[in-house]
1. Which of the trypsin sites (Lys or Arg not before Pro) found in the range 1-65 are in a DSSP loop and have at most 10 neighbouring Cβ atoms, other than their own, within 10 Å?
2. Quick check: net charge around K36, other residues with Cβ under 13 Å of its Cβ, Lys/Arg +1 and Asp/Glu -1?
3. Mind jotting down the distance between the C-alpha centroids of the range 83-119 and the range 28-51, whole Å?
4. Where a ≥ b ≥ c are the square roots of the eigenvalues of the C-alpha gyration tensor, would you call the range 26-86 rounded, which needs a/c under 1.5, or, failing that, prolate if a/b is larger than b/c, or oblate?
5. Taking all protein chains in place and a 1.4 Å probe, what share, in percent, of the accessible surface of the range 34-153 do carbon and sulfur account for?
6. Output the 0 to 90 degree angle, nearest 10, between the alpha-carbon long axis of helix 30-42 and the longest principal axis computed from the alpha carbons of the chain.
7. Applying the Karplus parametrisation 6.51 cos²θ - 1.76 cosθ + 1.60 with θ = phi - 60° to the phi angles of the range 121-129, what ³J(HN,Hα) value in whole Hz is obtained for each residue in order, glycine and proline being reported as x?
8. For the range 37-121, report the accessible area per residue in Å² (1.4 Å probe, heavy atoms, rounded to an integer).
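The values are calculated or read from the model by the stated rules, or taken from the named source; none is laboratory data. None of the values given here were measured: they were computed from a predicted structure. Here the Cβ positions follow ideal geometry from the backbone for every residue, glycine too, while neighbour counts run over all protein chains shown. The area values use the complete protein model at the heavy-atom level, side chains included, leaving out ligands, DNA and RNA. Shrake-Rupley method; radii C 1.70, N 1.55, O 1.52, S 1.80 Å.
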Amino acid sequence: MDTLSYKTISANKETATKEWVVVDATDQVVGRLGAKVAKLLRGKYKPNFTPHVDCGDNVIIINADKVKFTGKKMTDKIYLSYTGYPGGQREITPARLMAKPNGAEKLMKRVVKGMLPKNRLGAKLLGNLYVYEGSEHKHEAQTPKVIDINTLK
């Protein structure tokens, strides 16, 4: 068998098939939902996955305000940020973050961002995520398909 005849096919920006998908976050655990959404954004569920190319889908998360945490993480978990100034370390709990305007959107973007690569590609992939607190979204023109996130591994 001539093994030199097999060529590895890598996807590029032109050959990547990007789709629009809608994920309902009602009663989903935040971390598990974030992990599956990050895999959708990267394109890891596709057979032509290429690590250095944006070949993932555009993901729309609806009902982000209805996500849940297990245990007492809603009040006990702490997210840290730093302003850049001395003594500028800030901490916030998910409950206080959700109480702010667009808090559910900020929470889901923060969770998914932590599960993407920490480079320019990861920043570009995060731009393919759209989070809405209610069940309405403004991307009907893209004809997104609704998927059940529980069927993904």
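1. Sites meeting the loop and neighbour criteria: K7, K13.
2. Net local charge, K36 excluded: +2.
3. About 20 Å separates the Cα centre of the range 28-51 from the one of the range 83-119.
4. oblate
5. Of the solvent-accessible surface of the range 34-153, carbon and sulfur hold 54 percent.
6. The helix 30-42 is inclined about 30 degrees to the chain.
7. Values, residue by residue: 5, x, 5, 5, 5, 5, x, 8, 9 Hz.
8. For the range 37-121, the solvent-accessible area averages 59 Å² per residue.
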